[in-house]
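The next block holds one structure in the form of structure tokens; read it before the comments.
The values are calculated or read from the model by the stated rules, or taken from the named source; none is laboratory data. Since the structure is predicted, the reported quantities are computational estimates derived from the model, not experimental observations. When we count neighbours, we look across all protein chains shown, and the Cβ atoms used for this are built from the backbone with ideal geometry, even at glycine.
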Amino acid sequence: MAKSPTTTDNASPRRKTSARFYVCVGVLLLTAVGMQGTAGILKTYFRKAALPLKQTLDALDQSKLLPEYAPHRIQPELLSHEAIENLGTEEYLQWNLTVLDHERDDPTAVARLFITYHTGGPGLVPHNPKECLSAAGMTLKKETLIEISILDSGGVERTLPVSVLEFELPRRQMTQMRSGASDKQWLVVAYFFYVNGCYETTRTNVRRAVSNLWDRYAYYSKVEISFNDESFTRLPNREEAVEATRRLLRKLMPILWEDHYQDWEAIKSGAPPVILSR
């Protein structure tokens, strides 16, 4: 009588784990341990912590803008949920400000202010008006860089690089503008980034700043400014917009430094973030 086959007769031979596998696992473990150990010794940070504002941007004290600026009677609508998702933060301030000592037909009579704040990991991707306004149908014709010197509340002078963009409006928007010189049909936008204690105007430099391994925190804030007249139909030329931007930033930035942005030098020295009463 034939012998019934056993279960081992058809079993595949067990494969032996390659020594290379154990070597690779060992190298990965040693690398992970080594990176953590090195980070601890050198006090470097691969994972960035979020740095909260002292108080939210929408809590900005409007009375501190007086007597030069006050909220305009017409304000932008709140951003939609989708727009906030695209923006990447709920921390923003979008205001129209009346320039109180300007005539209504002055092309810088109304300041349009847009400030955002982002904080957290090293993957922060800054938005800038070049991409956003180009996507809205405007054509960037020129970009220049200026510097604006501002005294903070302690009397220390800070120099900010500011990018000045000149956009040609879409034809449909040009038809809404008042007749006049062609330079009145261009939108001038000024902006810069405040990132980990320094001031930048390019995405590359922002990414470099927030990726500094010796910084525990990572944040950046974008400040964007443009102007128009009271009827929202006349725009300033570059020289008018630049001068109006200098004036507004010299009023606005000391408020942001004092009431909203953390003291970066104190934070780097180990001080805990300051949170003002909400």
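As for the range 126-140, it holds no residue that is at pLDDT 95 or above and under 19 Å from the mean Cα position of the chain (by Cα). Only residues that are surrounded by fewer than 13 Cβ atoms within 10 Å (Cβ to Cβ) and within 25 Å of residue 132 (Cβ to Cβ) were counted in the range 59-89, giving 12. Whenever a residue of the range 73-94 is on the phi < 0 side of the Ramachandran plot, its partners that are small (Gly, Ala, Ser), lying with C-beta atoms within less than 9 angstrom and at least six residues away or across chains, give the pairs 91/221.
Within the range 43-88, being closer than 26 Å to residue 264 by Cα and of a type in the set (A, V, I, L, M) holds for 49, 50, 51, 53, 57, 59, 60, 65, 87. Among the residues that make up the range 65-84, is at least one of them closer than 16 Å to residue 221 by Cα, at pLDDT 95 or above, not β-branched (Val, Ile, Thr) and not in a helix (DSSP H, G or I)? For the range 65-84, residues closer than 16 Å to residue 221 by Cα, at pLDDT 95 or above, not β-branched (Val, Ile, Thr) and not in a helix (DSSP H, G or I): absent.
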